[in-house]
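The values are calculated or read from the model by the stated rules, or taken from the named source; none is laboratory data. Please read these numbers as outputs of a predicted model, since none were measured by experiment. Glycine also receives a Cβ, built like all others from the backbone with ideal geometry; neighbour counts cover every protein chain displayed. Please note that ligands, DNA and RNA were not included when accessible areas were found on the heavy atoms of the full protein model with its side chains. Shrake-Rupley method; radii C 1.70, N 1.55, O 1.52, S 1.80 Å.
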Amino acid sequence: MTRQVALRLPDDLVEYVDGLVADGTASSRAIVVKRALERERRRTIAARDAAILAAEHDDADMQRLAEHVAGEPLDLE
């Protein structure tokens, strides 16, 4: 199920989104916003998971995890 929502965005963000659509990177404004929200949701979940791991593991474990993640690509689409 999907719902339509109305958003107010600054002009520069709308121009950026429209540019992505114009150059074929995305097929619509809605797709750009959807991808951004999905990426933000993944980032939030990852930050929560990292906080849980930090509370349960020592600094050496977290350093190894950070080094591993630093070598991974950022675009997780």
Would you work out what percent of the accessible area of the chain, with all protein chains in place, is carbon or sulfur (probe 1.4 Å)?
-> 57
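Note the direction-averaged projected area, equal to a quarter of the hull surface, for the Cα convex hull of the chain, in nm². Mind showing how you got there, number by number?
Numbers: hull surface 30.4 nm².
Orientation-averaged projected area of the Cα hull: 7.6 nm².
Using a Förster distance of 22 angstrom, determine the FRET efficiency expected from the C-beta separation of ARG42 and ASP12, and round it to 0.05. Write down the numbers at each step before the final one.
On the way: r = 24 Å, r/R0 = 1.11.
According to the calculation, E is roughly 0.35.
Accessible area per residue of the chain at 1.4 Å probe, in Å²?
Details: 6880 Å² over 77 residues.
Counting only protein heavy atoms, the per-residue value for the chain is 89 Å².
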Candidate cut points under GluC sites (Glu not before Pro) in region 1-45, DSSP loop plus at most 12 other Cβ atoms within 10 Å of their own Cβ, are none
Contour excess over end-to-end distance, with Cα ends at ALA55 and HIS68 and 0.36 nm allotted per residue = 2.8 nm
